[in-house]
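The values are calculated or read from the model by the stated rules, or taken from the named source; none is laboratory data. Keep in mind the model is a prediction, meaning the values are calculated, not measured. Cβ sites come from the backbone with ideal geometry, for glycine too, and all protein chains shown count toward neighbours. Note: accessible area is taken over every heavy atom of the protein model, side chains too, but ligands, DNA and RNA are not part of it. Shrake-Rupley method; radii C 1.70, N 1.55, O 1.52, S 1.80 Å.
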Amino acid sequence: AASDEWWRDAVIYQIYPRSFADGDGDGTGDLAGVRARLPYLKSLGVDALWFTPWYLSPLADGGYDVADYRVIDPAFGTVEQAEQLIAEAQSLGIRTIIDVVPNHISSEHVWFREALADEPGARERFWFRESEELPTDWVSSFSGDTWTRTKNADGTPGAWYLHLFTPEQPDLNWNHPDVHREHEEILRFWFDRGVAGIRIDSATMPVKDPAFPNLQDAAMHPYVDRDGVHDIYREWRRVADEYDPPRVLVGEIWLADPERFARYLRPDEIHTAFNFDLMGRPWDAVELRDSIETTLAAHAPVDAPATWVLSNHDVTRPVTRYGREDSSFSFATKRFGVPTDLTQGTHRARAAALLTAALPGSLYLYQGDELGLPEVEDLPHDALQDPIFHRSAGQDPGRDGCRVPLPWTTTGASFGFNSQGFTPWLPQPADWGNWSVERQEQDAGSMLQLYRTALELRRGFGEFRWHELNHQDLIAFTRGDLLCLVNFGPPLALPTPYEVLLASTTVAGELPTDAAAWLRPIPSGV
Ligand code: TEU
C-alpha cells in the first residue's frame, strides 16, 4: 500500500535523546521529555522520529557503545516507556526509527566480558589477534590505533582486540553465526514493539578482510564497503519484510562512489540511505547543483528515493558551517577558533532549508536545526565528553558543540530543557534563549516557522525538473507548478508574474544574496 512506502518522501526528525528534553529533571534528556514534546513534533509536521541509541550504555561514545539492546538506558527510561512513546507517536501519525550498531558493541556488553575472561569460544565473536606487534596499521576514525592489547590473568601482555572507533567499542566478527543470530533477534525485539524501522550505523564497516592486511598493502579497503556486508542487509531485509507493514532499513553509508553507494539500495537490501554529499559541498550554486544531479543519478537505477541531510549529531551545525569561508562539512575542518559570520550562516541555512525541503525524496532534520541553532564552540573543555576531543589530545573540538540541550523557553534555569532547573549534562550558552522554541513560536519570520510552513507545503509537490535559467549563481528547479529558486550571487530581480509563496527573507521584487524562494505563477497573471 502507498502508506507502506511512507519513507519515500518522509520528513524524519533526528532525536539525540540526551539533549532533546528532560522529563524527570535530572539534567539528562529522556523519553518522558520526548513524550511531553510530541505535540511540538506533530505541529512541526514531521513523519517519523529517528532516535540515536537509547539502550543501556556506559556512554563512551554517546550511546554508540551498546551494552544491552534489550534495555533502555535508565537515564532515558524503560522499555515499557519506549513502547508507550512509540504507540503515542503512532497515534499522532508519527513513526519511530531506532539505531542499530552492527560494527561493534560496548566493552561492557556480556559478550565482551566473556571474551576478556577468555571463556571458551567467546573471543571468536570479536577480532582478537596474538602478536607482539600491532596487528595492522589501521587508524581509528577517532584518532589513534584500532588495536588495544589485553592483559593475561598473570598480568603479562595478552592478545590484541580490534576497535575501529574507541577501545570501549570492540568490533564484532560477522563471520560468527552468533553475531548474525543476535542482530536478527534484536531487530525482531524492536520490530515486535512497533518500531517502524532502523538506522544502520557505520553500515559499510562490519565486514573485514580476515587476512588483516595493512592499509598500505591492501589492494582493496580491508574494512570499508566489503562485498560481504550485503549478505547482512539481505538477511535484515528478509526480516523487515516479514512484518505488516514492512519495516524500513536506513543506512549510514559514507561512500563517495555513487555506484558502490547504490549497491546498498538494491530492492532486497536497504530502503534508503543518507546522502552526505550535499552537506560536504561548499555553499556554491555549481557545487550544490552537481551534488543534487549526482545524487539523483545514483538513485535512479535502484528506484530508491534520495535522502537529503544537512547535519546530524556528528557534524558542525549548518548555521555555523555556512557562516564560514569553507562552508562544507568535513571532519577535517573541525578545529577551534574558525572565523564565523552567524548572520550569513543563518541566511544560508534558511535557504538550504528551503532547497532541501523542495527536493524530491525524503528529508532528515536534526533536532535544533529547525531552530537555527549555531554550534556551541566555547564549551568548557572539562565539560567535553566526546572521545574524539580526548583521543585527539584536544586538537579536535569533537561533537559536543552540536549536542547542547535544546532551548524550549527564552528564560529559565535550563531554558526549559527541564522544569526543575537541574543543570543540563552539557552547559547551555547564556544567550541560548534567543533561539528558543517559545520565542520562535511568536515570530512569523523565524526558522521554526520557515520549516513548519515548508514541511506542510512540500507534501503536495509534483514531479522534479531542473529549470534552466543559465545563470551560474542560481539553482532553479520545479516541483509541479512550484518553482524553487536559490540565489548564490548578487540580489536578483524575481521573475514575474510570480507570487512569492515562501521566502527565506521578506523579498520585495528581488531575491537577496544567499536566499531562496518558492514561487508559484499567479493564476491571473496580474
Ligand atoms: O558515525 C560513523 C562515523 O563516524 C564514521 O563512519 C565516519 O563518519 C566515517 O568514517 C567518515 O569519516 C556513526 C555515528 O553516527 C557516530 O555518532 C558514532 O560515533 C560512530 O558511528 C561509531 O558508532
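For segment 371-379, check the following and say yes or no: at least one residue is in a loop (DSSP other than H, G, I, E, B), surrounded by fewer than 23 Cβ atoms within 10 Å (Cβ to Cβ) and within 16 Å of the ligand (Cβ to nearest atom).
The answer is no, given that none of the residues of segment 371-379 is in a loop (DSSP other than H, G, I, E, B), surrounded by fewer than 23 Cβ atoms within 10 Å (Cβ to Cβ) and within 16 Å of the ligand (Cβ to nearest atom).
Name the single residue that is farthest from Glu252 (Cα to Cα) among those in segment 99-117 being among the small types (Gly, Ala, Ser) and open to solvent by less than 10 Å² (accessible area, probe 1.4 Å).
Going through the qualifying residues, I end up with Ala115.
Looking at Asp443 and the list (1) open to solvent by 40 Å² or more (accessible area, probe 1.4 Å); (2) assigned to a loop (DSSP other than H, G, I, E, B); (3) at pLDDT below 95, which single condition is not satisfied?
The number of the failed condition is (3).
Would you be able to tell me the number of residues in segment 179-189 that are within 16 Å of the ligand (Cβ to nearest atom) and open to solvent by 40 Å² or more (accessible area, probe 1.4 Å)?
Going through segment 179-189 one residue at a time, the tally reaches 0.
Would you tally the residues in segment 223-245 being touching a Leu at 6+ places or on another chain (Cβ under 7 Å) and either open to solvent by 80 Å² or more (accessible area, probe 1.4 Å) or assigned to a loop (DSSP other than H, G, I, E, B) (or both)?
2
Exactly one condition in (1) at pLDDT below 90; (2) closer than 20 Å to Ala358 by Cα is false for Thr478; which is it?
Result: Thr478 passes all but (1).
Being more than 16 Å from the ligand (Cβ to nearest atom), of a type in the set (Gly, Ala, Ser), touching an Asp or Glu at 6+ places or on another chain (Cβ under 6 Å) and not in a helix (DSSP H, G or I), is that true of even one residue in segment 111-125?
No; the residues of segment 111-125 include none that is more than 16 Å from the ligand (Cβ to nearest atom), of a type in the set (Gly, Ala, Ser), touching an Asp or Glu at 6+ places or on another chain (Cβ under 6 Å) and not in a helix (DSSP H, G or I).
Would it be correct to say that Ala159 is open to solvent by less than 40 Å² (accessible area, probe 1.4 Å) and in a strand (DSSP E or B)?
Spelling it out, Ala159 is indeed open to solvent by less than 40 Å² (accessible area, probe 1.4 Å) and in a strand (DSSP E or B).
Name the one entry in Glu499, Glu510, Glu463, Glu468 that is modelled with pLDDT of 90 or more, open to solvent by 40 Å² or more (accessible area, probe 1.4 Å), on the phi < 0 side of the Ramachandran plot and not small (Gly, Ala, Ser).
Glu463
Can you tell me which residue within segment 289-332, out of those that are of a type in the set (Gly, Ala, Ser), farther than 19 Å from Leu249 by Cα and open to solvent by less than 10 Å² (accessible area, probe 1.4 Å), is farthest from the chain's Cα centre (by Cα)?
Here the answer is Gly323.
Please find, within segment 246-259, the residue that is nearest to Trp190 (Cα to Cα) out of those that are within 14 Å of the ligand (Cβ to nearest atom) and open to solvent by less than 30 Å² (accessible area, probe 1.4 Å).
Here the residue is Val250.
Please find, within segment 380-407, the residue that is nearest to Phe142 (Cα to Cα) out of those that are surrounded by 20 or more Cβ atoms within 10 Å (Cβ to Cβ) and of a type in the set (A, V, I, L, M).
Step by step, filter segment 380-407, then rank; the result is Ile388.
So which of Thr423, Thr410 is more than 20 Å from His313 (Cβ to Cβ), more than 21 Å from the chain's Cα centre (by Cα) and either buried (at least 18 other Cβ atoms within 10 Å of the Cβ) or at pLDDT 95 or above (or both)?
Just one listed residue meets the conditions, Thr410.
Within segment 132-154, track down each residue that is assigned to a loop (DSSP other than H, G, I, E, B), open to solvent by 40 Å² or more (accessible area, probe 1.4 Å) and more than 16 Å from the ligand (Cβ to nearest atom).
Within segment 132-154, Glu132, Glu133, Leu134, Asp137, Asn152, Ala153, Asp154 meet the criteria.
Give segment 162-178 a look and list any residue that's more than 16 Å from the ligand (Cβ to nearest atom) and not in a loop (DSSP other than H, G, I, E, B), or say none.
The answer is Pro177, Asp178.
Which pairs turn up if I take residues in segment 277-289 that are within 21 Å of Asn470 (Cα to Cα) and look for partners that are open to solvent by less than 30 Å² (accessible area, probe 1.4 Å) and among the acidic types (Asp, Glu) with beta carbon separation below 8 Å, at least 6 apart in sequence or on another chain?
Here the result reads Trp283/Asp514, each pair linking segment 277-289 to a residue that is open to solvent by less than 30 Å² (accessible area, probe 1.4 Å) and among the acidic types (Asp, Glu).
Filter segment 246-266 down to the residues that are part of a loop (DSSP other than H, G, I, E, B) and over 18 Å from Trp50 (Cα atoms) and list them by number.
Trp254, Leu255, Ala256, Asp257, Tyr264, Leu265, Arg266, listed by residue number.
Say whether the condition of being touching a residue at least 40 places away in the same chain (Cβ under 8 Å) and in contact with a strand residue (DSSP E or B) (Cβ under 6 Å, 6 or more places away or on another chain) is met by at least one residue in segment 312-328.
Yes; the residues of segment 312-328 include at least one that is touching a residue at least 40 places away in the same chain (Cβ under 8 Å) and in contact with a strand residue (DSSP E or B) (Cβ under 6 Å, 6 or more places away or on another chain).
Among the residues of segment 358-367, is there at least one that is free of Cβ contacts under 8 Å to residues at least 60 places away in the same chain and either under 26 Å from Val34 (Cβ atoms) or open to solvent by 30 Å² or more (accessible area, probe 1.4 Å) (or both)?
No - not one qualifying residue is present in segment 358-367.
Could you please tell me which pairs satisfy a Cβ distance under 7 Å, a separation of 6+ or placement on different chains, a first residue in segment 293-311 that is under 21 Å from Arg350 (Cα atoms), and a second residue that is open to solvent by 10 Å² or more (accessible area, probe 1.4 Å) and part of a loop (DSSP other than H, G, I, E, B)?
Between residues of segment 293-311 that are under 21 Å from Arg350 (Cα atoms) and residues that are open to solvent by 10 Å² or more (accessible area, probe 1.4 Å) and part of a loop (DSSP other than H, G, I, E, B), the close pairs are Ala306/Pro360; Ala306/Gly361; Thr307/Gly361; Trp308/Gly361; Val309/Phe276.
Among the residues of segment 193-220, write down those that are within 16 Å of the ligand (Cβ to nearest atom) and either hydroxyl-bearing (Ser, Thr, Tyr) or exposed (fewer than 15 other Cβ atoms within 10 Å of the Cβ) (or both).
Within segment 193-220, Ser202, Thr204, Leu215 meet the criteria.
Out of segment 237-288, which residues are within 19 Å of the chain's Cα centre (by Cα) and of a type in the set (Phe, Trp, Tyr)?
Trp254, Phe261, Tyr264, Phe274, Phe276 - these are the residues of segment 237-288 that are within 19 Å of the chain's Cα centre (by Cα) and of a type in the set (Phe, Trp, Tyr).
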